[in-house]
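J.: I have a structure here, written as structure tokens, and I will follow up with some questions on it.
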Amino acid sequence: MRKPLKIALKIVAAIALLLVIAVGLLWIRFRPDSKGRIIPPFESIDMAAYTPFSTAVRGASRVRLYEGLPHQSGERDLLESELNSKETFKSHGHHFYRAEIEPSADDTTSLRNLSTTATGFHEWGGMKLCGGYHPDWLIRWSSADGADHELHLCFGCHEAKLYGPGYQLYCDLGSDCYTALKSILERYTKQRPTKAQK
């Protein structure tokens, strides 16, 4: 067999091997779980993480609200404009306006009660057809030991993400919890523009 042909066959074999490996990795990454869900990378949907979150929120000494920026896909131009002109920060991969909002005492109580009612949070049911997860609000609870416990709320897909020391959770919001949280937080909306305001 001629040398160029041997080299060509080795190259083809190497490419075929790489393709098999790539397909195998994609299958592992995107293989549905027993309920047919494809869990996004680096996310945990184990509801056991709700317990440390709710315990921390019950004993939290301070709460702050942060408004989310425009949607990363449906409002891309508006998002870029806000990032270039407003003070923002990033938490767990998403942007929020830097200005802290302190809710009223009554709203703080309501937010605490809603955040610690287990029936308001359900196991993640799978991807929604809403353009991708995007948190409209971040509620940050600070415990006496200085640790922060965050609740990110996406009203577009009725989902929540919880973050704290040693835990994280991606879950769905129950209908009543969603309605109540949205009703409270909409009253504090003042920084995020709509497409009509552009």
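J.: Could you give the length gained by full extension between His92 and Thr109, i.e. 0.36 nm per residue of separation minus their alpha carbon distance, to one decimal place?
T.: 3.6 nm
J.: I need the peptides 79-89, 5-15 ranked by packing, meaning the mean over residues of other C-beta atoms within 10 angstrom, with the highest value on top.
T.: Those peptides, ordered most packed to least, come out 79-89, 5-15.
J.: Hey, another quick one. Return the FRET efficiency for the residue pair Glu43, Thr189: r is the Cβ-Cβ distance, R0 is 25 Å, and the value is rounded to the nearest 0.05. Intermediate results must be reported in sequence, preceding the final value.
T.: Working: r = 27 Å, r/R0 = 1.08.
So the FRET efficiency works out to roughly 0.40.
J.: Scan the chain and note any complete DSSP helix (H) whose C-alpha atoms cover at least 27 Å along its axis and whose Kyte-Doolittle average is -0.5 or more.
T.: The qualifying helices are 3-30.
J.: Sort 65-74, 33-42 by packing, meaning the average of other beta carbons within 10 Å per residue, with the highest value first.
T.: Result, highest mean first: 65-74, 33-42.
J.: Check the chain for me: any Cys whose beta-carbon has no other cysteine beta-carbon within less than 4.7 Å?
T.: Cys154, Cys171, Cys177
J.: Among the lysines, select those whose C-alpha is under 25 Å from the C-alpha of Lys190, and discard any that sit fewer than 8 residues away in the same chain.
T.: Partners within reach: Lys86, Lys90, Lys161, Lys182, Lys198.
J.: While we're here: Kindly identify the stretch 48-160 as rounded, prolate or oblate by the Cα gyration tensor criterion: order the square roots of the eigenvalues as a ≥ b ≥ c, call it rounded if a/c is under 1.5, otherwise compare a/b with b/c, prolate if a/b is larger, else oblate.
T.: It comes out oblate by the Cα gyration axes.
J.: Additional query: How far, in nm, would the chain grow between Met127 and Gln72 when pulled straight, counting 0.36 nm per residue and subtracting the alpha carbon separation?
T.: Roughly 18.2 nm would be gained on extension.
Only the coordinates and a few stated rules stand behind these numbers; no lab work does. Only a predicted model underlies this, so the values are computations on that prediction, with no experimental measurement involved. Reconstructed Cβ throughout: ideal geometry from the backbone, glycine too, with neighbour counts over all protein chains shown.
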